[in-house]
Amino acid sequence: MNIKKRKKASRMHGKKMGSHGHGARKKWKGSGHRGGKGMAGTGKRADQKKTLVTKLYGNKYFGKQGITSKGTKRDKRNRINLVMIEGNLERYGKKVANKWEINLKDYKVLGSGEVKTKLVIHAKEASSSAIEKVKKAGGEIIIKTSPKRGRSSEASKSAIEKVKKAGGEIILPKHEKKVKPAKDAEEK
């Protein structure tokens, strides 16, 4: 059986057009025929790829969404609901006697969900409904305040009133006062 294999030079002509089997010559040169590589050309005046963009992202790809003034800062405080705490007790705390000690110093505790176990939660902030629900179950939420720089280590009267009204308690950290040595002692 005699098989003659044609040379590559004669096989790869592409209908003798010099396009190497890729149709029109311009189609294989780069990404020009499809309007650029990848997501190129999907900007503000995108017409050639608008159907692709709307299929992938919907109508939220173009234009601005929402109104925000320059001075508005996003609220980035960590929050956690009582449902999450109740469902993941082993993850958030440890059992001490008949209560669960939970340390959430950087969180605000919110009151959605029911509390069935006694919880002692150390938190940065707590909603009044959360404090009420935890108290009803026989626990407590201890809110720790950290004074800002240049202020005294006491919480403001309004903060104390709000926390007491909600049934919580504020525990202030005890700071040691640094005593500066007298100038006469340094010179001698």
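Every read-out reported here was derived from the displayed coordinates using simple, explicitly stated rules and does not represent laboratory data. These numbers come from a predicted model, not from an experiment. We place every Cβ from the backbone using ideal geometry, glycine too, and count neighbours over all the protein chains shown.
Below are the figures for this structure:
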read-out: Built amide H within the under 5 Å cut-off of LEU119, gap 5+; value: TRP100, GLY139, GLU140
read-out: Karplus-derived HN-Hα couplings along segment 26-38 (A = 6.51, B = -1.76, C = 1.60, θ = phi - 60°), whole Hz, x at Gly and Pro; value: 5, 6, 10, 7, x, 10, x, 5, 9, x, x, 7, x
read-out: Approximate spin-label separation TRP28-LYS124, in nm, with each point projected 7 Å along Cα-to-Cβ; value: 6.1
read-out: Two-site label geometry, MET1 and THR68: point separation in nm, points 7 Å out along Cα→Cβ; value: 7.0
read-out: Extended-chain gain in nm, criterion 0.36 nm per residue less alpha-carbon gap, LYS105 and LYS50; value: 15.0 nm
read-out: Segment ALA40-LYS94, extension gain: residue separation times 0.36 nm, minus the distance between their alpha carbons; value: 14.1 nm
